[in-house]
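Each remark here refers to the structure printed beneath this line.
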Amino acid sequence: MPKLKTNRSAAKRFKTTKTGKLKKRSASRGHILGKMSRKRKRRLRKGGYVSSADEKKIRRLLPYGTN
């Protein structure tokens, strides 16, 4: 059976924890930060977990998981 291709954009955005949960980083931290409040930027530093509704779609993009 041939190797499966990993979706590289998904691999850069999501990581798998030791227990197998998917972590994601926050969006909107690339540019135009001057108009954002300090509070909002501080909250965006933290990542979060992928919702259970989207997890199946993302796992299909990452056939071998990511470290």
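If we keep just the residues of the stretch 19-67 that are assigned to a loop (DSSP other than H, G, I, E, B) and of a type in the set (S, T, N, Q), which is surrounded by the most Cβ atoms within 10 Å (Cβ to Cβ)? Explain how you work it out, then say what you get.
At the first step, the residues of the stretch 19-67 found to be assigned to a loop (DSSP other than H, G, I, E, B) are 19-21, 25-37, 45-47, 50-51, 62-67.
Among the residues that remain, those that are also of a type in the set (S, T, N, Q) are: 19, 26, 28, 37, 51, 66-67.
Values: Thr19: 5, Ser26: 12, Ser28: 11, Ser37: 8, Ser51: 10, Thr66: 14, Asn67: 7.
Checked the stretch 19-67; the qualifying residue surrounded by the most Cβ atoms within 10 Å (Cβ to Cβ) is Thr66.
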Taking the stretch 25-45 as the region of interest, how many residues are under 19 Å from Thr66 (Cα atoms) and of a type in the set (Lys, Arg)? 1
If you go through the stretch 9-18 one residue at a time, how many are assigned to a helix (DSSP H, G or I) and either surrounded by fewer than 10 Cβ atoms within 10 Å (Cβ to Cβ) or of a type in the set (Asp, Glu) (or both)? 1
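Bear in mind that the values in this text are calculations on the coordinates, not laboratory data. As the structure is a prediction and not an experimental result, all values here were calculated from the model. Backbone-built Cβ (ideal geometry, glycine too); neighbour counts: all protein chains shown.
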